[in-house]
Amino acid sequence: MSDVSYREITSNGLWSNNPALVQMLGLCPLLAVSGSVVNAMGLGLATLLVLAGSNLVVSLIRRQVSDAVRIPVFVMIIATFTTCTELLMKAYTYELYQILGIFIPLIVTNCTILGRAEAFASKNRVPAALVDGIMMGAGFGAVLVVVGAIREIIGSGTLFANMNLLFGPVAADWKLELFGDGHGLLLAILPPGAFIVVGFLIAIKNSIDDVIATRRAARAAPVEKVSRRVRTTGTIS
Amino acid sequence: MVFARASSPHEHSALSTRQVMQYVLLATLPGLVALTWNFGWGTVINILLASTVAVGTEAAIVALRKRPVLFYLQDCSALVTAVLLGLALPPLAPWWLTVIGTLFAIGIAKHLYGGLGFNPFNPAMVGYVVLLISFPVPMTTWITPRDLLPAGVHLPDLWQSLQIVFPILGAPGQAVDAITGATPLDAFKHHTGLLVEQIYAAEPLFSRAEIVSYGWEWVNLGFLAGGVWLIYKKVFTWHAPVAMLLGLTLMAALFYDGGSSTSGGSPIMHLLSGATMLGAFFIVTDPVTSATSARGRLVYGASIGILVYIIRVWGNYPDAVAFAVLLMNFAAPLIDNYTLPRTYGHSKARKATEKKP
């Protein structure tokens, strides 16, 4: 499997095998912290970092670790990167770290990361594994941010509120007030809202895929009209 | 005298979905009249607005799903959902509340699951709960019954009510705040530390009532009358509603403890307050989302009655019919699994999941 093209890895991670919309892995953090763009982006970046790092290291050691002990080793590697990320967030984005709370350490248990380590990184060369980690992380993060944006708009009527927690004072005035405060549909902020929004996103993705598939089928070479001898016995294959 | 002879069979055919829905709509009338008499035009406006939105949404989604629009509109099921939601919403609720609730009920709770007959949850109750969770303030603003309003304050007339619901029609001559008040269940819940007698004496909602809770008793009796008529018309069987009322009565009787300060309230108060009768005869009896067999409906109804009492007395919300119904909707397939009727000729009933021998 060493001949995987980077283009395929990219499209897999971002779209056709997106961890959140297609594999439906890591739904717990996806549903829990996507109440606003800043939370979603924070967790998305943290997951991206861990995923890229763990994929890289797992790929590096793939010939040294025997099959029997691979899972504990993967988990150790992932836990190490999660701890690093946690410390980084504590150092640079302390308030966001406090808001995300338990969901940062819980990245260890995000199935996407162990899934990629097992399914891809442990079988591929280092550069491919690294790109796969980044693309899968980006795909997961993108879905997180979209869900966060939709829920923030519907639930609290704002967009990009409190972005300074992630990007520093520059982002303090990025907040868009879309409609008056206190009129948001509270349901969107609550867990059921996350389920409904993710459900709609999956439906939209599937219908886009359907459209693409029908177009591709239509564009494929039309059936040649050649006369065939009619067979009266047997089956026409 | 004409002696008309009819040939057999004398049995009528089963009711069509459309007839069932029309009977249900008719049966809500006594309750609707009582609501309108006590709380003004708000409920009628709710129902009309919800019906318009519901029929529009239903038509749009059915068209989107490439199915015959008129055929599906004729079964009146969207109207029933809208009317039940309109009856449940507080009178004079702002228009967007009704619209959002109806959109949710028809669009998400009904059609995303496959339309009539496929929805696991009661659409009207999903709409109600979405609103209750999302907009707690307007959803808990109820009107004081007509005769309990302070002197000089009147319920708004039809035009003023329309102005309150649709602010675009101009400022109403009267503030809504002047006519809002607690419901009996609210009042009972918030007088902690008082004996039941003292609560009754302190609250005109109880002290001026004919039976137990002013205004609400007639609303509940109205829905009871409509429900009994529906049973007489064989629109649904008695099992689920009677079981629900019995479950609620039993719980209330068990925890009444003679009216002490920790009492949960008398059985008759629980039966004739809040949404008890509306729930028992119009929500619990939904053929799609309830259990299927007679035995299953007894279990289903009784569980709802018990849950209503538990949430009313020990939960955070004053009324609980919607929550209890949704919780038991979850459980209905499980109840069905264990209450499969015994097939004629077999010695005992099977479970639905049992492997065939």
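The values are calculated or read from the model by the stated rules, or taken from the named source; none is laboratory data. Small disclaimer: the values here were computed from a predicted structure and weren't measured. As a convention, Cβ positions derive from the backbone with ideal geometry for all residues, glycine included, and neighbour counts pool all protein chains shown.
Within segment B:172-189, is even one residue within 14 Å of another protein chain (Cβ to nearest Cβ), touching a residue at least 24 places away in the same chain (Cβ under 8 Å) and not polar (S, T, N, Q)? No, every residue in segment B:172-189 fails to be within 14 Å of another protein chain (Cβ to nearest Cβ), touching a residue at least 24 places away in the same chain (Cβ under 8 Å) and not polar (S, T, N, Q).
A quick yes/no check of all residues on (1) outside the structural domain of B:Ala109 (by TED's automatic domain parsing); (2) loosely packed, with under 14 Cβ neighbours inside 10 Å; (3) within 30 Å of B:Ser263 (Cβ to Cβ):
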residue: B:Ser134; (1), (2), (3): no, no, no
residue: B:Thr140; (1), (2), (3): no, no, yes
residue: B:Ile143; (1), (2), (3): no, no, yes
residue: B:Ala171; (1), (2), (3): no, yes, no
residue: B:Ala175; (1), (2), (3): no, yes, no
residue: B:His191; (1), (2), (3): yes, no, yes
residue: B:Glu197; (1), (2), (3): yes, yes, yes
residue: B:Tyr200; (1), (2), (3): yes, no, yes
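Applying the criterion of at least 2 residues that are more than 28 Å from B:Val153 (Cα to Cα) and in contact with a helix residue (DSSP H, G or I) (Cβ under 8 Å, 6 or more places away or on another chain) to the helices (runs of 4 or more DSSP H) found wholly in segment B:169-266 leaves B:196-202, B:216-232, B:239-254. Where helices (runs of 4 or more DSSP H) fall wholly inside segment A:1-74, the ranges with 3 or more residues that are within 12 Å of the chain's Cα centre (by Cα) and surrounded by 17 or more Cβ atoms within 10 Å (Cβ to Cβ) are A:27-33, A:37-60. Residues that are at pLDDT 90 or above number at least 1 in the following helices (runs of 4 or more DSSP H) confined to segment A:146-237: A:191-219.
Just one of the listed residues (A:Gly137, A:Gly115) is in a helix (DSSP H, G or I) and crowded, with 24+ Cβ neighbours inside 10 Å, and it is A:Gly137. Of the residues making up segment B:63-74, none is in contact with a Leu (Cβ under 7 Å, 6 or more places away or on another chain) and part of a helix (DSSP H, G or I). Of all residues being of a type in the set (S, T, N, Q) and assigned to a helix (DSSP H, G or I) in segment B:144-162, which is nearest to the other protein chains (Cβ to nearest Cβ)? Just the residue, please. Applying the filter and picking the extreme gives B:Ser161. Looking only at residues of segment B:121-143 that are in a loop (DSSP other than H, G, I, E, B) and within 14 Å of chain A (Cβ to nearest Cβ), we find that the one that is farthest from B:Thr180 (Cα to Cα) is B:Phe121. Within segment B:88-120, the set of residues being within 14 Å of chain A (Cβ to nearest Cβ) and aromatic (Phe, Trp, Tyr) comprises B:Trp95, B:Trp96, B:Phe104, B:Tyr113. Applying the set (1) assigned to a helix (DSSP H, G or I); (2) modelled with pLDDT under 90 to B:Leu97 leaves exactly one unmet item: (2).
Taking segment B:72-126 as the range and being over 30 Å from B:Gln160 (Cβ atoms), among the β-branched types (Val, Ile, Thr) and surrounded by 23 or more Cβ atoms within 10 Å (Cβ to Cβ) as the test, only B:Val126 passes. Go through segment B:335-352 and give me each residue that's farther than 11 Å from B:Ser303 by Cβ and not hydroxyl-bearing (Ser, Thr, Tyr). Listed by number, the residues that qualify are B:Asp336, B:Asn337, B:Leu340, B:Pro341, B:Arg342, B:Gly345, B:His346, B:Lys348, B:Ala349, B:Arg350, B:Lys351, B:Ala352. All of (1) within 14 Å of chain A (Cβ to nearest Cβ); (2) closer than 26 Å to A:Ile196 by Cβ; (3) not polar (S, T, N, Q) hold for B:Leu79 with one exception: (1). Do the conditions hold for B:Ala63, that is, is it in contact with a helix residue (DSSP H, G or I) (Cβ under 8 Å, 6 or more places away or on another chain), crowded, with 19+ Cβ neighbours inside 10 Å and of a type in the set (A, V, I, L, M)? No.
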